[in-house]
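Nothing in this text is a laboratory measurement; each read-out follows from the coordinates by a stated rule. Every value quoted in this text rests on a predicted model; they were computed, and no experiment measured them. Note that we place each Cβ from the backbone using ideal geometry, even for glycine, and neighbour counts take in every protein chain shown.
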Amino acid sequence: MVDEKKLQQILRGFVDDRDWDQFHSPRNLISALNVEAGELLELFQWESDIHVVDVNNPKTRQKIEDEIADVFIYLLRIADKLEVSLEDVTLSKITKNAEKYPIEKSKGKSVKYTEL
């Protein structure tokens, strides 16, 4: 179980120690989140049926894990700055998605809910 508040407190301390909060506006954090998500995507960019990223290779795995952590860190910071509970909004969104994608209509399909 992830302790969202504990991680945010640790991150706040890390940021405060470096006087970085001045750079952490929601817009800047969202931009940084997208950069890090792009770096994660870059690791898989040219993957195809012939070339598949070996996610079990220790060096590759470490890069993937580092980028996932960077994405999560920025998401935690954004939620903290905007006073959003990641747990609450995630559970709410899962409920909304369950309504938009009922099992009997969406099982085994990859189309948008408007096409069901």
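For a quick size check, give me the Cα extents of the range 55-116 along its three principal axes, largest first, whole Å.
Cα spread of the range 55-116 along its principal axes, largest to smallest: 41, 36, 15 Å.
What does the charge count around Ala79 come to, taking other residues whose C-beta lies under 14 Å from its C-beta (Lys +1, Arg +1, Asp -1, Glu -1)?
0
Which whole-number percent is the relative contact order of the chain (Cα, under 8 Å, 6+ apart)?
Relative contact order, the chain: 31 percent.
Please check the chain for the longest run free of trypsin sites (Lys or Arg not before Pro) that are loop-located per DSSP (anything but H, G, I, E, B) and have at most 13 other Cβ atoms within 10 Å.
Looking at the chain, 19-106 is the longest stretch - no exposed trypsin sites (Lys or Arg not before Pro) with at most 13 other Cβ atoms within 10 Å.
Test of the criteria: in the range 19-65, which GluC sites (Glu not before Pro) are in a DSSP loop and have at most 15 other Cβ atoms within 10 angstrom of their Cβ?
Glu47
Net charge around Leu91, counting only other residues with Cβ within less than 14 Å of its Cβ (Lys, Arg = +1; Asp, Glu = -1)?
Counting the neighbours of Leu91, the net charge comes to -2.
Would you order Ser85, Ser110 from fewest to most other beta-carbon atoms within 10 Å of each residue's own beta-carbon?
Ser110, Ser85
Of Lys5/Lys112; Lys5/Lys93; Lys6/Lys100, which pairs sit farther than 22 Å apart, going by alpha carbon to alpha carbon?
Lys5/Lys112; Lys6/Lys100
Can you tell me the FRET efficiency between Asp54 and Trp20 if r is taken as the Cβ-Cβ distance and R0 is 41 Å, rounded to the nearest 0.05?
0.70
Loop-only chymotrypsin sites (Phe, Trp or Tyr not before Pro) in the range 43-116, please: DSSP not H, G, I, E or B, and at most 13 other Cβ atoms within 10 Å.
Working: sites: Phe44, Trp46, Phe72, Tyr74, Tyr113; in loops: Phe44, Trp46.
Within the range 43-116, the qualifying chymotrypsin sites (Phe, Trp or Tyr not before Pro) (loop, at most 13 other Cβ atoms within 10 Å) are Phe44, Trp46.
Around Gln22, under 15 Å between beta carbons, what's the net of Lys plus Arg minus Asp minus Glu among the other residues?
+1
Among Ile68, Gln45, Phe14, which residue has its Cα furthest toward the positive end of the charge dipole of the range 4-83, with +1 on Lys/Arg Cβ and -1 on Asp/Glu Cβ?
Phe14
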